[in-house]
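The structure appears right after this line, and notes come after that.
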Amino acid sequence: MFDETGAQEEGLIIPNVHFVDRLEDLIYSGPHIGVANPYSQTLRENCSSKGDNDRIDLIYLSDAYLARSKYGISCTEEEYLDSIPITPWGTKYNTEYKLLSRKMLNLKQERTLVSAIAPRKTGHINGIYGLCFSDVNMLVLLSGCFASLPYDFFIKCLGKTNFLDNTAYKLPILDSVLNNSIKVRVLLLNCLTSKYAELWEACWKEENLLDSWSKSDPRLAPPRFTSLTDQWIWDTPLRTDYERRQALVEIDVLTAMALGMTLEQLKTIYRIQFPVLQSYEADTWYDANGRIVFTNNRSLTGVGFSRPEFENGIKGAPAGQKFYRTITDDTQPGGPVERTIEYVAPFDRCDREEDYEMAWRFFEKKYEEMKYNGQCH
């Protein structure tokens, strides 16, 4: 949308790290987005270099939250609107929900294709590649595809260093009975604030109530699906680390099945093409409430306890024992606040391949039964 250098030279935007008061003033940059997470990080108040960002704890996200923007608008509203492109269906690009992807592709990181849905009225710099659609259901479906390992694998195989039109247009759009199960999970991952209420309502289907987790775990409550309605509330989206990971695992499986892949093919691309993700999965530990208590994930610096703390007296704690960690949180408007985070034992890890196998069996059975009962169209 904005050429980072050109827009400054033209007087449209200026460097100004600040919490915005309205969507129109939020200009997305790369650090803001994670995989299916439009509120992954926010810039630090005194941001002066590439890594000056803090991870946002979604548990503490208010329903009206807006992150810090790296830039401020330095022109009149009329000049700003005149600079925004018009979509083929006649709307201003910034008025649409947008699928934003980090333009720079790092083949050696945990994930290469990093995308999330941004709210209406927001802008972004050209370090981000944006897509919008006249049909928001198509936007949500493609967002699910972009969040999946099979699509990430395809991008890795292309060997490109930038995500542009000539790359995006190579990616298929699914036409499958599995589409709605993909879409509801994508909505649960992305619709983190009330700014997505219209999108949630526009994509709502009663069949969402028939969906469910593919594995049984106390941290994966069935009401996550059965209690949903067409109205967005704060409790609607997935906020815990464990829930969000499971939703992404299930999106991997659903996308692979929709593409006609086999379970073994999905596991093979995970083993061969995602070594960093494998290393993080092998040493990320969750507590009884689904919060990460320790991780070696370098993009989650400051999350959970340090390795010495975790290894010495926390790791093997009996069920029910609680540990506390006090942090200073400066990711919210109003200035830094002190938070005490509770972690409840026991602590365990996940096995992605086992979870793939379980999810594959679950969805295979579910959709076979739906087909048999005439519910699959």
Return the pair list, or none, for Cβ contacts closer than 6 Å from residues in the stretch 14-40 that are assigned by TED's automatic domain parsing to the domain that holds SER148 to residues that are of a type in the set (Lys, Arg) and assigned to a loop (DSSP other than H, G, I, E, B), at least 6 apart or on different chains.
LEU23/LYS121; GLU24/LYS121; VAL35/ARG111
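Here are ILE13, ILE33: which of them is crowded, with 21+ Cβ neighbours inside 10 Å, at pLDDT 90 or above and under 16 Å from LEU100 (Cα atoms)?
Values: ILE13 fails: under 16 Å from LEU100 (Cα atoms).
Exactly one residue qualifies, and that residue is ILE33.
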Of all strands (runs of 3 or more DSSP E) fully inside the stretch 1-83, the set with 1 or more residues that are closer than 24 Å to GLY290 by Cα and out of contact with any Asp or Glu (no Cβ under 9 Å at 6 or more places or on another chain) is 53-55
Looking at PRO88, PRO150 in this structure, which one is out of contact with any helix residue (DSSP H, G or I) (no Cβ under 7 Å at 6 or more places or on another chain) and not in a strand (DSSP E or B)?
PRO88
Within the stretch 199-230, restricting to residues that are polar (S, T, N, Q) and over 21 Å from the mean Cα position of the chain (by Cα), the one that is nearest to PHE294 (Cα to Cα) is SER216
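Yes or no: SER69 in the same structural domain as PHE146 (by TED's automatic domain parsing) and either modelled with pLDDT under 90 or out of contact with any Cys (no Cβ under 9 Å at 6 or more places or on another chain) (or both)?
In short, yes.
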Answer yes or no: is there a residue in the stretch 124-132 that is in contact (Cβ under 8 Å) with a residue 24 or more places away in the chain, over 15 Å from the mean Cα position of the chain (by Cα) and closer than 15 Å to LEU178 by Cα.
no
Candidates ALA319, ALA345, ALA288, filtered to the one that is among the hydrophobic types (A, V, I, L, M, F, W, C) and surrounded by fewer than 16 Cβ atoms within 10 Å (Cβ to Cβ)
ALA319
Might you let me know whether the stretch 262-276 holds any residue that is closer than 30 Å to TRP200 by Cα and either in the same structural domain as TRP360 (by TED's automatic domain parsing) or surrounded by 14 or more Cβ atoms within 10 Å (Cβ to Cβ) (or both)?
yes
Could you tell me which of the residues GLY304, GLY290 is within 24 Å of ARG239 (Cβ to Cβ), free of Cβ contacts under 8 Å to residues at least 40 places away in the same chain and in contact with a Ser or Thr (Cβ under 7 Å, 6 or more places away or on another chain)?
GLY304
Subset of the stretch 292-314 (residues that are closer than 11 Å to TYR343 by Cα and not aliphatic (A, V, I, L, M)):
PHE294, GLY304, PHE305
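The values are calculated or read from the model by the stated rules, or taken from the named source; none is laboratory data. The shown structure was predicted, so the numbers you read here are calculated from the model rather than taken from an experiment. A quick note on method: Cβ atoms are made from the backbone with ideal geometry, for glycine too, and the neighbour counts reach across all protein chains shown.
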